[in-house]
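Okay, structure first, notes after.
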Amino acid sequence: MDTKKPKQQKKHAGVMRGRFSGRIGYVLAVAGSAVGLGNIWRFPYLAAKYGGGIFLLVYLILTVTFGYVLIVSETTLGRMTKKSPVGAFHAFGKRLPFHFGGWINAVVPMLIVPYYCVIGGWVLKYLFEYLRGSAGILAKDGYFTEFMTSSGSVLFWFVLFSSLVFFVILAGVRQGVERVSKIMMPVLVVLAVFVAVYSVTRPGAFEGVKYFLIPKFEDFSWLTVVAAMGQMFYSLSIAMGILYTYGSYIGKEVDIEKSTIQVEFFDAAIAFLAGLMIIPAVFAFSGGDMETLQAGPSLTFITLPKIFASMGVGTIAGVAFFLMFLFAALTSAISLLETSVSTLEDELHVSRPKGCLIMCAVMLVIGSLSSLGYGALDFVSIFGMAFLDFFDFMTNSVMMPLAALATCMLIIRVVGFDKMDAEIECSSAFRRKKLYHFFLRYLAPVCIAIILVSSIANVLGIISL
Ligand code: PFF
């Protein structure tokens, strides 16, 4: 789900900028952008793949340290400059590093939205099948693989989902969709709690609960850290320019620190719930075999139908769940596309329809490659990855760390901590000031270095992610 449309318009620095109605509006908008496929689809499969409990632990530690620093930094820079990322960097200088910093933050959503829509297409397809009463068929072993390899079908659902996203943006019904999604999200949470309780109480599921909740230190590897870090970026909508933009909409009275903690709590809670839904079910329905745990992007789509089918009310549960899931995916995709189009409008001075057309072309190219990567184009692999995995890897493990590095460097080298502190202290005391300085100066660059070096090592085949 996604953004709360800024309420009043305020003229600032010659640009009409929207404003959130206050902290609650801002928190809802950011939490809305944060909660999406990342929580329900991406988190469970990564947790299953990278050691369960140890992944959860590393993820949570990273969220409250590194994630916290980045959310506070991006939001504060957005509010200070009243600009989206490219403009925010330009507010401090016009040389090459500033162009790079701004643009790398702005380009990431443009590369994510196409493959985000491919997964959105999978959700749409499953919803359609549930509506047709195919609950039993969806739960069969091998169904998802068959679907993924039938290129035409994947492409069709990708195009349909993307058309829905474009339609919402062009027809100006975005607010309507988001209003519906505000009702859908709480329902999704209630449903997820229900499914999670059902899932963890299945015979054999307890092993899965243990796998997910109890960290085993022998399962720890750098890959756990790298995967958790990429997921943290993705899930919290960090290093994609979005928080700069949202920050530019808030007033000086908003307590950035407090809002950040609330957003992180909300986002982690939903991911945690999704993990509880899926991972124990893998143990209950597939005996927790390594192969299923390693299933990757398909895990949620393989496991959920099995849970629903065993409930005996597969069709109703499936329709309800995938409908909510669709709304969460749709509104997140809308905000990714909207961000991309406005960057093109503002920075390349193209009209809105032209911006949409450019994004349409980008989506067609990257989205089609991602759709066909497991089917007709499965003979092509880039550094050992199918297209979708490659785009996901490039954005999360290479570009987002670079974008985050640019933000850290901007603060350390140019803006300075005094200015950041003053901006944050506009609304309230900055309680974690010392931690913030320490994390930003030392922890963040180390984390970024780890993720970048590992990613390059992976590409060169030295390690395998
Ligand atoms: N954080 C979203 C998710 O976890 O699915 C992805 C996302 C949506 C990122 C919208 C950025 C954004 F603007």
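The values are calculated or read from the model by the stated rules, or taken from the named source; none is laboratory data. Keep in mind it's a predicted model, so treat the numbers as computed, not measured. Here the Cβ is made from the backbone with ideal geometry for all residues, glycine too, and neighbour counts use every protein chain on show.
Give the residue that is nearest to the chain's Cα centre (by Cα), with candidates limited to residues of region 94-118 that are more than 16 Å from the ligand (Cβ to nearest atom) and farther than 27 Å from GLU257 by Cα. First the steps, then the outcome.
Initial filter on region 94-118 (more than 16 Å from the ligand (Cβ to nearest atom)): 94-103.
Narrowing the set further to residues that are farther than 27 Å from GLU257 by Cα leaves 94-97, 99-100.
Numbers: LYS94: 30, ARG95: 31, LEU96: 28, PRO97: 26, HIS99: 25, PHE100: 22 Å.
Top of the filtered list is PHE100.
Restricting attention to region 120-137, the residues that are part of a helix (DSSP H, G or I) and surrounded by fewer than 24 Cβ atoms within 10 Å (Cβ to Cβ) add up to 10. Against the test of being in contact (Cβ under 8 Å) with a residue 40 or more places away in the chain and surrounded by fewer than 16 Cβ atoms within 10 Å (Cβ to Cβ), the options VAL365, VAL341, VAL350 yield a single qualifying residue, VAL365. Whenever a residue of region 104-116 is over 21 Å from SER371 (Cβ atoms), its partners that are not in a helix (DSSP H, G or I), lying with C-beta atoms within less than 6 angstrom and at least six residues away or across chains, give the pairs ASN105/GLY241; ALA106/GLY241. Pairs linking a residue in region 382-399 that is crowded, with 20+ Cβ neighbours inside 10 Å to a residue that is at pLDDT 90 or above and small (Gly, Ala, Ser), with Cβ atoms under 7 Å and 6 or more positions apart or on different chains, are PHE387/SER370; LEU388/SER370; PHE391/SER370.
Per-residue answers, yes or no, for (1) more than 16 Å from the ligand (Cβ to nearest atom); (2) in a helix (DSSP H, G or I):
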| site | (1), (2) |
| --- | --- |
| SER332 | no, yes |
| GLU338 | no, yes |
| PRO353 | yes, yes |
| CYS360 | yes, yes |
| VAL365 | yes, yes |
| SER371 | yes, yes |
| TYR374 | yes, no |
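Filtering region 384-396 to residues that are within 23 Å of the chain's Cα centre (by Cα) and either part of a loop (DSSP other than H, G, I, E, B) or on the phi > 0 side of the Ramachandran plot (or both) leaves only ALA386.
Checking the structure you have, find out if any residue of region 153-160 is surrounded by 15 or more Cβ atoms within 10 Å (Cβ to Cβ), modelled with pLDDT under 90, part of a helix (DSSP H, G or I) and not aliphatic (A, V, I, L, M).
No, every residue in region 153-160 fails to be surrounded by 15 or more Cβ atoms within 10 Å (Cβ to Cβ), modelled with pLDDT under 90, part of a helix (DSSP H, G or I) and not aliphatic (A, V, I, L, M).
Looking across region 214-246, the residues that are β-branched (Val, Ile, Thr) and within 16 Å of the ligand (Cβ to nearest atom) come down to ILE238, ILE242, THR245. Residues of region 23-45 being more than 12 Å from the ligand (Cβ to nearest atom) and surrounded by fewer than 24 Cβ atoms within 10 Å (Cβ to Cβ), which ones? Scanning region 23-45 gives ARG23, ILE24, GLY25, VAL27, LEU28.
Residues that are modelled with pLDDT of 90 or more and buried (at least 22 other Cβ atoms within 10 Å of the Cβ): which helices (runs of 4 or more DSSP H) entirely in region 239-307 hold 2 or more of them?
Where helices (runs of 4 or more DSSP H) fall fully within region 239-307 and carry at least 2 residues being modelled with pLDDT of 90 or more and buried (at least 22 other Cβ atoms within 10 Å of the Cβ), they are 242-248, 256-286.
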